[in-house]
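Down below is the structure, laid out as structure tokens.
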Amino acid sequence: MSPAAITAADLPLEPEALQTFALEQNRLACVLWEQLEILQHQLAQLNRAGCGARSERLAGQAELFDATTDLPIPPDPAKVPVTGHTRRGRPAHCRRTSHARASHTT
């Protein structure tokens, strides 16, 4: 429920009643200001909890890794059959020739 706007016609005319009204409005403004500061603090905490370095802490997160699962053992890489293939690109060097001395005939 939103408060209704107060106009000059709604204000009391006698000074004591006007002073009481002003003090009540001041008290209400202080209460609302404190609530605003509390909400700003809570919002800052939620932002840090969701975006900070410790944002991974969730209720029950530790129990996610309690259950053990049986994974299949992968085959030994040495036992995997590979079909023969020919190498593409440059031909392999002959092992009998020296790579340091190449003979060029012109």
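All of the numbers you see were taken from the coordinates with simple rules; none came from a lab. This is a predicted model, so every value here is computed, not measured. Backbone-built Cβ (ideal geometry, glycine too); neighbour counts: all protein chains shown.
Placing dummy labels 7 Å off each Cα toward the beta-carbon, the span from Asp66 to Thr83 is 5.1 nm. 3J(HN,Hα) couplings calculated from phi for the range 69-78 with the Karplus curve 6.51 cos²θ - 1.76 cosθ + 1.60 (θ = phi - 60°) are, in sequence order, 10, 8, 9, x, 7, x, x, 5, x, 5 Hz; Gly and Pro show x.
Subtracting the Cα-Cα distance from 0.36 nm times the residue separation, let me have the gained length for Arg48 to Glu34 in nm, one decimal. Intermediate results must be reported in sequence, preceding the final value.
Numbers: separation 14, 0.36 × 14 = 5.04 nm, distance 2.13 nm.
Result: 2.9 nm gained on full extension.
When you count the other C-beta atoms within 10 angstrom of each residue and take the mean per peptide, 6-12, 40-46, 68-74 line up highest first as 40-46, 6-12, 68-74.
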